[in-house]
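Just so it is clear, none of the values below were taken in a lab; they were calculated from the coordinates. The structure displayed is predicted, hence computed values, not measured ones. In this analysis, Cβ positions are derived from the backbone assuming ideal geometry, glycine residues included, and neighbour counts consider all displayed protein chains.
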Amino acid sequence: MIELNEVKKIDEITPAEWQIMRLIWTMGASSSRSIIDAVASKRDWKESTIKTLLGRLVKKGLLTRVKQGQHFVYSSTVGEQNAMNLSAEELFKQMCDMRKGQTIMDLVSQSKISKGDINQLVKMLNQKLKTAPDKVDCNCLPGNMNMDCQ
């Protein structure tokens, strides 16, 4: 499980760093050469740019680096699903509680998801429906819990 201090590091991942992390999560522990070659097949990035991104991710504690021969081998210190969940949780903390449901519906309608995932969502939503409030209060301003956000 990720500790709270790692949440901040997840928030600090740039879009370019997410691309590197996605490759490493897919490939597993990989040499710098393998990572550079994989990135080069998708992006027009220089080798020095990729090495800089790898170094930043090591400094953030999201990758480890071990020297093996002439190359470094990089491994993730955080699981992909954990990182995605934490990133989404941090984003949702910034949103009005009244708007989260609509945002989730928009995400579901715009996302490519499997029938199995849809069935799991339906099952989870039916379970959540049993204890859901009729209305979610606004959390934007202190003391304005019944306000209708516009």
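Things worth noting here:
- Net charge, Met124 excluded, C-beta distance under 12 Å - Lys, Arg +1, Asp, Glu -1: +2
- Cross-link check: pairs Lys51/Lys115; Lys59/Lys128; Lys42/Lys115; Lys93/Lys115; Lys60/Lys135 evaluated at a Cα-Cα cut-off of 32 Å; pairs beyond the cut-off: Lys51/Lys115; Lys59/Lys128; Lys60/Lys135.
- Here the Karplus relation 6.51 cos²θ - 1.76 cosθ + 1.60, evaluated at θ = phi - 60°, turns the backbone of the range 23-33 into coupling constants of 5, 5, 4, 6, 7, x, 3, 9, 6, 4, 5 Hz, with x for every Gly and Pro.
- Choice from Ala16, Ala29, Ala83 with maximal GNM fluctuation in the chain (Cα, 10 Å cutoff): Ala16
- Helix-only [θ]222 nm of the chain, DSSP H runs n ≥ 4, -39500 (n - 2.57) each, per residue, nearest 500: -17500 deg cm²/dmol
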